[in-house]
1. Please verify whether Asn291 is of a type in the set (S, T, N, Q) and without any contact (Cβ under 8 Å) to a residue 12 or more places away in the chain, treating the condition exactly as stated.
2. So if I check each of Leu299, Leu288, Leu308, Leu295, which one is within 29 Å of Val143 (Cα to Cα) and not in a helix (DSSP H, G or I)?
3. Just to be sure I understand, how many residues within the stretch 121-144 are more than 23 Å from Ser39 (Cβ to Cβ) and either among the aromatic types (Phe, Trp, Tyr) or assigned to a helix (DSSP H, G or I) (or both)?
4. Over 30 Å from Asp237 (Cα atoms) and touching a Lys or Arg at 6+ places or on another chain (Cβ under 8 Å): which single residue out of Tyr120, Tyr126 fits that description?
5. Within the stretch 284-323, can you find the residues that are of a type in the set (Asp, Glu), surrounded by fewer than 20 Cβ atoms within 10 Å (Cβ to Cβ) and either at pLDDT 95 or above or closer than 30 Å to Leu154 by Cα (or both)?
6. State whether one or more residues within the stretch 338-346 are assigned to a helix (DSSP H, G or I), closer than 19 Å to Leu18 by Cα, in contact with a Ser or Thr (Cβ under 8 Å, 6 or more places away or on another chain) and modelled with pLDDT of 95 or more.
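The values are calculated or read from the model by the stated rules, or taken from the named source; none is laboratory data. Just so it is clear, the structure is predicted and the values come from calculations on it, not from any experiment. Glycine gets a Cβ as well: all are built from the backbone with ideal geometry, and neighbour counts include every protein chain shown.
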Amino acid sequence: MKQFGKTMTKHPFSYPVLEHPAPQLPNKQAELFSSAWLSEPVFIKPLASERDQNFLFKDQNEKKFVLKVANSKEPFGVLDLQNKALEHLALSTNLILPKVIPDSSSKLIRQEEVNESKHYIRMVSYVDGIPMGDAKQPKDFKVLYFNMGSFLGLLGQGLKGFTHDNSNHRLLWDVKETESLFEIIEFIKDKKKKDLVKKSLEYFVEHIKEPLKKLRFQVIHNDMNPDNVLVTHDSSDSVSGMIDFGDMVFAPLVNDLAVAASYQTVTQQDLLTGTCYLLEGYQKEYPLTKNEIALLPGLVVNRIAMGLIIAEWRATTHPENKEYILGPIEKTWDVLRQAHQEQPKEIANQLIRFLNERENKL
């Protein structure tokens, strides 16, 4: 299957990190490993995760940290990419993000054995806040979305010019891998659903793939979902930070916003509403071009389809984690059906009109 990017290459369908089970490290062993960073670690709780394992600890000063146990198939270079990006962002922005913590011997990444498998282990600072998905309803979702877009724009601007040897690693959640998903749509047993996502993938190939190559590429966060966006304790309209840099990749800049908008399109059950205020905030900090905005609606729908295909595939191959993987998936299917009734070009025109009207009101 061909993959698009700056060059065209062929790869077999192989994504070991998603195909291999997440680590199963006992809490006591996590506590033991954490002592390489903390002199008197106090275990608080495990944290939910897709393909790795995370544990929350505090030190004797009540400061909190997250011990991150990578999937045994996660390469060292990908973790180093994430660490280096966080270190870069600590210098290039004032955003509240996890900070990489060296262990007692100044190492940023250690390797330990867990259940006869070797895993890379790291520690980062804990970012205080409430995951957006767990917070109360915001007083005004438009304000929240604007703030999210602004935050993501600052993050993207902070990563501009950042390079790393592993930034172009293969990740199934990367928009450049969209065509690979043709190979796993057979895991969707319902014919109507299968036809729906197939139509989405075909639209990408016919209308998005080629023009996307001509747009700006850089390292992006690639996963602004409601579990990774933190809001303040006193106001669910304000973004206090963002976490989980595990899906970072070198990709079209516009797709970072498309990922964020895909989740809010599902929440709002409307493509325009789920996108416009995020875009407005993003434009304030790191403006997209008209050509990028023209592809944005199609990329949002593409990401929704990607999420459904990957979720159905992973739920079949990892039944032990099925509930976490699928979540409220039927609502997402409904939104994708509705999105296929929209015309991406018309939505893009509406987004541009919206931005122009908002500028005139300011």
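1. For Asn291, the condition - of a type in the set (S, T, N, Q) and without any contact (Cβ under 8 Å) to a residue 12 or more places away in the chain - is not met.
2. Being within 29 Å of Val143 (Cα to Cα) and not in a helix (DSSP H, G or I) holds for just one of Leu299, Leu288, Leu308, Leu295, which is Leu288.
3. 7
4. Sole residue among the options that is over 30 Å from Asp237 (Cα atoms) and touching a Lys or Arg at 6+ places or on another chain (Cβ under 8 Å): Tyr120.
5. Correct list: Glu285 only.
6. no
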